[in-house]
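Input: a single structure, listed below in structure tokens.
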Amino acid sequence: MTRYGSIEGGGTKFVCAVGTGPEDLAATITYPTTNPEETLGRAIAFFHEHGPLDAIGIATFGPLDLDPSSTTYGHVRRTPKPGWSGTDVIGAFSSSFDVPIGFDTDVNGAALGERRWGAGRGLDTFIYITVGTGIGGGGVIGGEPMHGLIHPEMGHLRLPRHPDDPYAGRCPFHGDCLEGVASGPAIEDRWGARSEDLGSKTERAVEFEAFSLGYAVADLVLALSPERIIIGGGVMHLPGLLEETRLRMLEALGGYVDSPALVDGGEAFLVAPALGNRSGISGGFVLAERAVAGLRR
Ligand code: ZN
């Protein structure tokens, strides 16, 4: 049996797994994301311990250089995350393992995982968004993960603001972009409590959150015409947020996009991930498989 290594690299934690696929795991490990040497070193040690491997798939936070013809292919681009700018992620693994390595963003990876085993099954064009420590969006167009200029950065969309919300936002690049006002840290900053501890502020927080997310998904519907949008991440556990976001999305679209998927309230259109928090690690397996087939991203 082919044995793969899979990595879901998040800004807060790294998840590594070894197995033939997400339904047949031989070993997994989860640990906090610290500096690149320690964080990647732990993954390499884990893969050595549970090898040999036939391929490795890495779905990680970025921004990333995903252009296979670039001299810095596989590196992390300029990022506010301390110590990670310029990190050669692929090099760290290719110097330790002589196997094909697939590499893509955490959200493109998650989209591939959902397409194989979850809420994206049977779809050629759809989007996956995660709303957590950061906000990221990736997806699949015509059956392939979305790339292009670099890769989508849907978390940094600039959107109308809720008229009652004076919060300045916290994105170091844009202030009040989507991630700047709607990520987990933005909620904590804005309301003085983490999204799971908002108490009596929950309703108002959900209203503001859904306002931003609703505009974001509406804009994505208009720009990319996805067959479905899968939206997950820790913040989406706020009670009523998914339902409220659907309403705001439809309001923002103003009845213009004429599709049966939207007229019924969008319940089957804007959905939670079917794989829960396992979308990313599942996607790492798809990336490993793609690497064996000669596709490096
Ligand atoms: Zn931003």
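The values are calculated or read from the model by the stated rules, or taken from the named source; none is laboratory data. Every value quoted in this text rests on a predicted model; they were computed, and no experiment measured them. For neighbour counting, all protein chains shown are included, and Cβ atoms are generated from backbone atoms with ideal geometry for every residue, glycine included. Ligands, DNA and RNA are excluded from the accessible area calculation, which covers all protein heavy atoms including side chains. Shrake-Rupley method; radii C 1.70, N 1.55, O 1.52, S 1.80 Å.
The helices (runs of 4 or more DSSP H) found wholly in region 199-297 and carrying at least 2 residues that are crowded, with 21+ Cβ neighbours inside 10 Å occupy 202-224, 241-253, 279-292. Report whether or not Ala27 is open to solvent by less than 30 Å² (accessible area, probe 1.4 Å), in contact (Cβ under 8 Å) with a residue 40 or more places away in the chain and not assigned by TED's automatic domain parsing to the domain that holds Gly132. Criteria not met by Ala27. Find the residue count for region 125-143, including only residues that are touching a strand residue (DSSP E or B) at 6+ places or on another chain (Cβ under 7 Å) and either among the hydroxyl-bearing types (Ser, Thr, Tyr) or part of a loop (DSSP other than H, G, I, E, B) (or both). The number of residues fulfilling the criteria is 3. State whether the residues of region 110-121 include one that is under 20 Å from the mean Cα position of the chain (by Cα), surrounded by fewer than 19 Cβ atoms within 10 Å (Cβ to Cβ) and more than 14 Å from the ligand (Cβ to nearest atom). Within region 110-121, one or more residues are under 20 Å from the mean Cα position of the chain (by Cα), surrounded by fewer than 19 Cβ atoms within 10 Å (Cβ to Cβ) and more than 14 Å from the ligand (Cβ to nearest atom). Can you confirm whether His162 is in contact with a strand residue (DSSP E or B) (Cβ under 8 Å, 6 or more places away or on another chain) and outside any helix (DSSP H, G or I)? No, not satisfied. For region 167-193, filtering for residues that are more than 9 Å from the ligand (Cβ to nearest atom) and either assigned to a helix (DSSP H, G or I) or modelled with pLDDT under 95 (or both) leaves 10. Remark: pairs (first residue in region 169-188, on the phi > 0 side of the Ramachandran plot; second residue near the ligand (Cβ under 8 Å from one of its atoms) and open to solvent by less than 10 Å² (accessible area, probe 1.4 Å); Cβ separation under 8 Å; 6+ apart in sequence or on different chains) = Gly169/Cys177; Gly169/Gly180.
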